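Report on the structure given below.
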Amino acid sequence: MAKVPSAVIAASGLVGGYGVARWTRQRPLGGVVLAVAGAAAARQWRQQAGGVAAGALSAAYVAAFAGSHPLAKKVGAWPAVFGVAGAVGLTSWVVADRRG
(Lines give C-alpha, C1' and ligand atoms only; values in the text may rest on other atoms or scores of the structure.)
Protein backbone atom coordinates (compact mmCIF):
# COMPACT_ATOMS: atom_id res chain seq x y z
CA MET A 1 0.00 0.00 0.00
CA ALA A 2 1.34 3.42 -0.96
CA LYS A 3 1.94 5.86 1.87
CA VAL A 4 -0.14 9.04 1.80
CA PRO A 5 2.18 12.07 1.83
CA SER A 6 2.22 14.02 5.08
CA ALA A 7 1.38 17.19 3.13
CA VAL A 8 -1.92 15.61 2.06
CA ILE A 9 -2.68 14.41 5.58
CA ALA A 10 -2.00 17.82 7.12
CA ALA A 11 -3.97 19.79 4.55
CA SER A 12 -6.83 17.30 4.69
CA GLY A 13 -6.89 17.54 8.48
CA LEU A 14 -7.41 21.29 8.35
CA VAL A 15 -10.05 21.16 5.62
CA GLY A 16 -11.71 18.02 7.00
CA GLY A 17 -11.78 19.29 10.56
CA TYR A 18 -13.51 22.47 9.51
CA GLY A 19 -15.89 20.62 7.20
CA VAL A 20 -16.91 18.11 9.86
CA ALA A 21 -17.41 20.85 12.45
CA ARG A 22 -19.50 22.91 10.05
CA TRP A 23 -21.66 20.14 8.60
CA THR A 24 -22.32 18.27 11.84
CA ARG A 25 -22.54 21.45 13.94
CA GLN A 26 -20.34 19.65 16.44
CA ARG A 27 -17.12 21.63 16.88
CA PRO A 28 -15.55 18.97 19.13
CA LEU A 29 -16.01 16.37 16.38
CA GLY A 30 -14.18 18.66 13.96
CA GLY A 31 -11.46 19.01 16.58
CA VAL A 32 -11.08 15.24 16.70
CA VAL A 33 -10.57 15.12 12.93
CA LEU A 34 -8.05 17.96 13.17
CA ALA A 35 -6.15 16.27 16.02
CA VAL A 36 -6.06 12.78 14.47
CA ALA A 37 -4.77 14.13 11.16
CA GLY A 38 -2.24 16.34 12.94
CA ALA A 39 -0.93 13.40 14.96
CA ALA A 40 -0.66 11.22 11.85
CA ALA A 41 1.18 13.95 9.97
CA ALA A 42 3.49 14.60 12.93
CA ARG A 43 4.41 10.93 13.07
CA GLN A 44 5.41 11.00 9.41
CA TRP A 45 7.24 14.31 9.80
CA ARG A 46 9.31 12.81 12.59
CA GLN A 47 10.15 9.72 10.53
CA GLN A 48 10.97 11.65 7.39
CA ALA A 49 12.61 14.83 8.64
CA GLY A 50 13.46 14.35 12.33
CA GLY A 51 12.21 15.69 15.62
CA VAL A 52 13.09 19.36 15.16
CA ALA A 53 11.34 19.55 11.79
CA ALA A 54 8.36 17.64 13.18
CA GLY A 55 8.09 20.11 16.05
CA ALA A 56 8.27 23.09 13.70
CA LEU A 57 5.71 21.61 11.31
CA SER A 58 3.39 20.73 14.19
CA ALA A 59 3.64 24.33 15.41
CA ALA A 60 2.85 25.53 11.88
CA TYR A 61 -0.18 23.21 11.78
CA VAL A 62 -1.55 24.61 15.05
CA ALA A 63 -0.71 28.18 13.99
CA ALA A 64 -2.54 27.64 10.70
CA PHE A 65 -5.62 26.43 12.56
CA ALA A 66 -5.51 29.43 14.90
CA GLY A 67 -4.68 31.87 12.10
CA SER A 68 -7.57 30.72 9.95
CA HIS A 69 -10.03 32.24 12.41
CA PRO A 70 -9.03 35.91 12.08
CA LEU A 71 -8.32 35.39 8.38
CA ALA A 72 -11.87 34.09 7.91
CA LYS A 73 -13.22 37.45 9.10
CA LYS A 74 -11.43 39.11 6.18
CA VAL A 75 -11.82 36.62 3.32
CA GLY A 76 -14.51 34.16 4.44
CA ALA A 77 -14.34 30.81 6.16
CA TRP A 78 -13.69 28.42 3.26
CA PRO A 79 -11.08 30.62 1.54
CA ALA A 80 -9.27 30.99 4.86
CA VAL A 81 -9.30 27.24 5.51
CA PHE A 82 -8.14 26.42 1.99
CA GLY A 83 -5.43 29.08 2.21
CA VAL A 84 -3.92 27.85 5.45
CA ALA A 85 -4.28 24.21 4.37
CA GLY A 86 -2.38 24.99 1.18
CA ALA A 87 0.34 26.79 3.10
CA VAL A 88 0.77 23.92 5.57
CA GLY A 89 0.66 21.34 2.78
CA LEU A 90 3.31 23.15 0.76
CA THR A 91 5.53 23.63 3.80
CA SER A 92 5.15 19.98 4.74
CA TRP A 93 6.07 18.88 1.24
CA VAL A 94 9.15 21.12 1.15
CA VAL A 95 10.41 20.08 4.59
CA ALA A 96 9.48 16.39 4.70
CA ASP A 97 7.86 14.85 1.65
CA ARG A 98 10.07 15.88 -1.23
CA ARG A 99 12.97 13.97 0.31
CA GLY A 100 11.16 10.78 -0.52
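Summary table below
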item: Failed item, numbered, when Ala72 is tested on (1) in contact (Cβ under 8 Å) with a residue 12 or more places away in the chain; (2) open to solvent by less than 40 Å² (accessible area, probe 1.4 Å); result: (1)
item: Residue in the stretch 18-27 that is more than 20 Å from Ala80 (Cβ to Cβ) and not in a loop (DSSP other than H, G, I, E, B) present; result: no
item: Of residues in the stretch 2-22 being in contact with a Gly (Cβ under 9 Å, 6 or more places away or on another chain) and not small (Gly, Ala, Ser), the one most open to solvent (accessible area, probe 1.4 Å); result: Arg22
item: In the stretch 44-57, residue modelled with the lowest pLDDT [restricted to those that are touching a helix residue (DSSP H, G or I) at 6+ places or on another chain (Cβ under 8 Å) and open to solvent by 40 Å² or more (accessible area, probe 1.4 Å)]; result: Gln48
item: Positions within the stretch 28-37 being in contact (Cβ under 8 Å) with a residue 24 or more places away in the chain and either more than 17 Å from Ala80 (Cα to Cα) or more than 9 Å from the chain's Cα centre (by Cα) (or both), in sequence order; result: Ala37
item: In the stretch 1-17, residue farthest from Ala85 (Cα to Cα) [restricted to those that are of a type outside the set (Val, Ile, Thr) and not in a helix (DSSP H, G or I)]; result: Met1
item: Only listed residue being free of Cβ contacts under 8 Å to residues at least 40 places away in the same chain, aliphatic (A, V, I, L, M) and either on the phi < 0 side of the Ramachandran plot or touching a helix residue (DSSP H, G or I) at 6+ places or on another chain (Cβ under 7 Å) (or both), chosen from Val81, Val62; result: Val62
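The values are calculated or read from the model by the stated rules, or taken from the named source; none is laboratory data. These figures come from a predicted structure and were not determined experimentally. Here the Cβ is made from the backbone with ideal geometry for all residues, glycine too, and neighbour counts use every protein chain on show. Quick note on the areas: whole protein, heavy atoms, side chains included, nothing else; ligands and nucleic acids left out. Shrake-Rupley method; radii C 1.70, N 1.55, O 1.52, S 1.80 Å.
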